[in-house]
Amino acid sequence: MLNVALPKGRLGESVYDMFEKAGFGCPAIKEESRKLIFESVENGVRYFWVKPSDVGVYVERGAADIGVAGKDILLEYEPDIYELADLHCGICRMVSAGPKGFHDDTTRTLRVATKFSHIAQTYYTSQGRDIDIIHLNGSIEIAPLLGLSDLIVDIVETGTTLKENNLEVIDTIVPISARLIANKASYAFKKEEIDAVVRGIKKETT
Ligand code: PRP
């Protein structure tokens, strides 16, 4: 039985469809319910819906053999896992953004609001810029509007949230997409099953 951690939400649903097309379906998962674990004995697979930012934890600790996580989560938390494939979905980018016409006063420490403190710190260190990180858990875009921060580091998909809050992209830090990841020990002990998933999914994504 292969244990698979999927990110709860829209991305997870489209990723599950990839698994299904690759021959690892579990029809019960499509039924309306609050259940979080679904199993298909026939296809040898068990799915868990987990919070997207937790997928790396389940996979690193072996509660799941494989999982799907955004590259943003992998860069932020750096779980000790194998990254097996780019699923070419959940495509967006990590950016720095600020009020229109923002001018950086380099004599001051830059205040940056973000959910991605590690990514933001690494990026500004590489730029040689001192920053004060203000760690938030969501609605990052309002921080500069309320004077809580100068800039934000966040994910942009369509750009609508930035636009509607009078913010604009300053720099793209890194492109993001969903990745198939594996627990290191599982990849040794269940290599055949995991490789079959990778092959099936790669067929779907190329
Ligand atoms: C993400 C991100 C932006 C928004 C970007 O937020 O943090 O706020 O999506 O999407 P857009 O460019 O298409 O407008 P999410 O919906 O994950 O909620 P959050 O604000 O709670 O992080």
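Percent of Cα-Cα pairs more than 18 Å apart in the stretch 99-206, please.
Numbers: 3458 of 5778 pairs.
When every Cα pair of the stretch 99-206 is considered, 60 percent fall beyond 18 Å.
Sorted largest first, the spans of the alpha carbon positions of the stretch 1-105 along the three principal axes are 61, 30, 24 Å. Among 115-125, 63-73, the peptide with the highest mean count of other Cβ atoms within 10 Å heads the list, and the full ranking is 63-73, 115-125.
Relative contact order of the chain: what whole-number percent is it, with Cα pairs under 8 angstrom and at least 6 residues apart? Could you put the intermediate results ahead of the total?
On the way: 398 pairs, mean separation 59.4, N = 206.
Relative contact order of the chain: 29 percent.
Axis angle, to the nearest 10 degrees, between helix 117-126 and the longest C-alpha principal axis of the chain: 60 degrees. Counting only Cα atoms, the stretch 1-52 measures 25, 19, 19 Å along its principal axes, largest extent leading. Against the chain, whose longest principal axis comes from its Cα atoms, helix 191-205 is set at around 60 degrees.
Test of the criteria: in the stretch 1-92, which GluC sites (Glu not before Pro) are in a DSSP loop and have at most 14 other Cβ atoms within 10 angstrom of their Cβ? Display every interim value, and only then the final one.
Values: sites: Glu13, Glu20, Glu31, Glu32, Glu39, Glu42, Glu60, Glu76, Glu83; in loops: Glu31, Glu32, Glu42.
For GluC sites (Glu not before Pro) across the stretch 1-92 that sit outside H, G, I, E and B with at most 14 neighbouring Cβ atoms in 10 Å, the list reads Glu31, Glu32, Glu42.
Coupling constants for the stretch 64-80 follow from the phi torsions by the Karplus curve (6.51 cos²θ - 1.76 cosθ + 1.60, θ = phi - 60°), and in residue order they are 10, 6, 9, x, 10, 9, x, 4, 4, 5, 5, 6, 6, 9, 6, x, 8 Hz; glycine and proline get x.
Rounded to the nearest 10 degrees, the inclination of helix 10-21 to the longest alpha-carbon principal axis of the chain is 30 degrees. Under 20 Å from the 7 Å Cα→Cβ point of Leu146, by amide nitrogen: which residues of the stretch 83-105? Within reach of a label on Leu146: 97-100. The fraction of all Cα pairs in the stretch 167-206 landing in successive 10 Å bins from 0 to the largest distance is 22, 35, 21, 15, 7, given as whole percents.
For a Förster distance of 35 Å, can you work out the FRET efficiency between the beta-carbons of Glu31 and Gln127, rounded to the nearest 0.05?
0.10
Take the Kirkwood radius over Cα pairs of the stretch 64-151, plug it into Stokes-Einstein at 37 °C and 0.692 mPa s, and you get 222 µm²/s for translational diffusion.
Would you work out the relative contact order for the stretch 6-126, in percent, from Cα pairs under 8 angstrom that are 6 or more residues apart?
Value for the stretch 6-126: 21 percent.
What pairs in Lys35/Lys190; Lys100/Lys203; Lys71/Lys190 have C-alpha atoms more than 31 Å from each other?
Lys100/Lys203
Looking at the stretch 1-134, the DSSP beta bridges with both ends there are about 25 percent antiparallel. Ignoring aspartates and glutamates fewer than eight residues from Lys115 along the same chain, the ones with Cα atoms less than 12 angstrom from its Cα are Asp72, Glu76, Glu141, Asp154. Over the chain, the alpha carbon radius of gyration divided by the compact-protein estimate 2.2 N^0.38 Å works out to 1.15.
May I ask you to compute the full-extension gain from Ser53 to Arg199, defined as 0.36 nm times their residue separation minus their alpha-carbon distance, rounded to one decimal in nm? It would help to have the intermediate numbers written out before the result.
Working: separation 146, 0.36 × 146 = 52.56 nm, distance 2.54 nm.
Extending this stretch completely gives an extra 50.0 nm.
Any read-out appearing in this document is the output of simple, stated calculations on the displayed coordinates, not a laboratory observation. All figures in this text were calculated on a predicted structure; none of them were measured in a lab. As a convention, Cβ positions derive from the backbone with ideal geometry for all residues, glycine included, and neighbour counts pool all protein chains shown.
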